[in-house]
Amino acid sequence: MKSLMITKYGDISSSLEQQEVTRPIIEANQILIKTYSSSFNPYDYKVVKGDFKAMGKISFPIGIGRDVSGIVEEVGKSVKKFKVGDKVYSRPNESFVGTMAEYVVTNDEDTALMPSNLNFDESASIPLVGLTSYQALVDIAKLSKGESILIHAGSGGIGTFAIQLAKHLGAKVTTTTSTKNISFVKSLGADKVIDYTSQNYLDEGAVFDVVYDTLGSNYTLDSFKVLKSGGRVVSIAGTIDSITAEQFGLNKFIRMILSFQARKVTKAAAKMNAMYRFLFMSPNGDQLEKLAKLYESGTIKPLIDKVFNFDESIQALEYLAKGRAKGKVIVKIREDI
Ligand SMILES: NC(=O)c1ccc[n+]([C@@H]2O[C@H](COP(=O)([O-])OP(=O)(O)OC[C@H]3O[C@@H](n4cnc5c(N)ncnc54)[C@H](OP(=O)(O)O)[C@@H]3O)[C@@H](O)[C@H]2O)c1
């Protein structure tokens with residue numbers, strides 16, 4: 001089967017190649033998906049560029065991509081939830097990296113039936129960003145009705161989903177974006193939009209119960225300048241906290257470095273009696289089932305910026321890496337049936 005492979009660390013254009021690889025064989029609790037669509041996430045180009053070298057050694061070539069939608073081709077002996085022919089979507093476990101491929105293996109517990117009202121492209125736009133924001137806003141921040149939240153980068157893959165989820169949870173949503181995307185993020189339900197090209201979100205003052213830090217660097221520490229005392233900051237792009245470092249089983253030396261890097265954030269959180277958590281999302285089929293219901297009821301809509309063909313997948317990743325995507329970047333692996 002054809003699979004897009006990372007051949008080395010480096011530039012996107014010179015480090016990716018479509019290769020012929022062996023079709024995977026499934027185990028008892030796994031399913032084989034005949035892929036129709038996949039989507040890219042910033043994580044994919046960050047891996048290519050070597051940003052996660054400290055997390056462990058990669059042996060190349062290795063697949064790329066973490067979102068898949070398609071049709072069940074084979075089921076393992078102990079799989080009860082799915083049958084051949086089901087339309088499913090998944091964010092597979094780290095051990096099966098590589099959804100930019102004609103067939104993808106995933107655990108049954110990391111998979112759900114696709115939302116019945118969505119096509120393959122729309123369904124492939126959901127798993128990674130949907131699970132990330134669900135875990136950030138529901139599981140960690142426990143965002144509740146009437147609370148106010150600041151969501152950075154409302155027009156991106158994460159932001160477009162997070163705005164809609166936060167509104168569904170009953171929160172008052174403020175988001176940041178550039179001038180060209182103001183009406184776009186308003187159409188998703190944002191109550192207040194801050195145009196970062198002409199306004200400074202720090203002028204809002206300490207008014208937010210929750211800050212969803214999707215930008216990292218100075219935005220992480222600055223989150224505490226707009227947070228109410230006792231509030232919560234959940235970051236998916238900033239400083240890794242001790243809970244996540246432990247979750248990854250990072251060695252003592254790396255944990256010491258991370259804890260040193262996190263010292264200002266830890267201090268700011270303690271001073272304000274606030275919570276700071278870094279989230280690295282995890283696969284979860286039950287949560288994908290819950291998300292499917294939100295799409296089926298029309299509560300959340302899929303937002304796709306651009307669809308590329310499989311043969312254009314390198315251009316698709318280059319497009320995403322420009323950092324200006326408005327919603328998700330999809331790669332159509334096969335034509336829809
Ligand atoms: N930890 C995890 O588990 C996890 C999971 C998923 C994602 N992430 C991380 O979350 C981040 C966001 O992911 P994504 O999928 O949303 O990326 P994305 O789709 O590439 O984000 C692009 C969007 O960011 C906006 N943007 C860029 N700079 C901005 C700024 N300074 N202020 C406001 N908006 C800005 C752009 O809007 P304009 O064109 O208007 O600037 C664009 O619409 C990435 O760093 C990703 O790696 C982490």
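Just so you know, all these numbers are worked out from the coordinates, no wet-lab data involved. Just so we're clear, the structure is a prediction, and the values are computed from it rather than from any experiment. Cβ placement follows ideal geometry from the backbone for every residue including glycine, while neighbour counts extend to all protein chains displayed.
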- Task: Compare the peptides 79-85, 29-35, 51-57 by average per-residue count of other Cβ atoms within 10 angstrom and give them in order, highest first.
- Result: 29-35, 79-85, 51-57
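With 10 angstrom as the radius, rank M272, M1, M114 by how many other C-beta atoms surround their C-beta, starting from the fewest. Can you show the working numbers first?
Numbers: M272 18, M1 14, M114 26.
Arranged by neighbour count, lowest to highest, M272, M1, M114 become M1, M272, M114.
Based on Cβ point charges of +1 for Lys and Arg and -1 for Asp and Glu, what charge dipole magnitude is obtained for the chain about its Cα centre, in debye rounded to the nearest 20?
Working: 42 positive and 37 negative charges, 200 e Å.
Dipole magnitude for the chain comes out near 960 debye.
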- Item | Cross-link pairs K2/K81; K34/K80; K87/K301; K180/K228 - those with Cα-Cα distance over 25 Å | K2/K81; K180/K228
- Message: Once the cut-off is 17 Å, how many percent of the Cα-Cα pairs in the range 248-312 end up in the long-distance tail?
- Response: 71
- Query: Using a simple spin-label model with points 7 Å from Cα along the Cα→Cβ vector, what separation in nm is obtained for A206 and Y9?
  - Reply: 4.1
- For the range 109-124, Karplus-derived ³J(HN,Hα) couplings (6.51, -1.76, 1.60; θ = phi - 60°; whole Hz; x for glycine and proline) come out as 6, 9, 10, 8, 5, 4, x, 5, 9, 10, 8, 5, 4, 5, 5, 5
- Item | Calculated log₁₀ intensity ratio I(q)/I(0) where the Debye formula runs over C-alpha points of the range 129-278, q = 0.11, 0.15 Å⁻¹ | -0.39, -0.72
- Message: Please report the spacing between the Cα centers of the range 198-239 and the range 311-329 in Å, no decimals.
- Response: 27
- Query: Once you put a point 7 Å from the Cα of T299 and another 7 Å from the Cα of D139, both along the Cβ direction, what distance in nm separates them?
  - Reply: 1.8
- Message: For a Förster distance of 45 Å, can you work out the FRET efficiency between the beta-carbons of F253 and N309, rounded to the nearest 0.05?
- Response: 0.50
- Simple spin-label estimate for F280 and K186 in nanometres, 7 Å along Cα-Cβ: 4.0
- If one computes P(r) from the Cα atoms of the chain, what percent of pairs lie at distances over 35 Å? 21
- Message: Suppose the chain between S242 and M1 were pulled fully straight at 0.36 nm per residue; how much longer would it get relative to their current alpha carbon spacing?
- Response: 82.7 nm
- Whose amide H sits under 5 Å from the amide H of T99, counting only residues 5 or more places off or on another chain, with H placed in the peptide plane? I64, G65, R66, D67
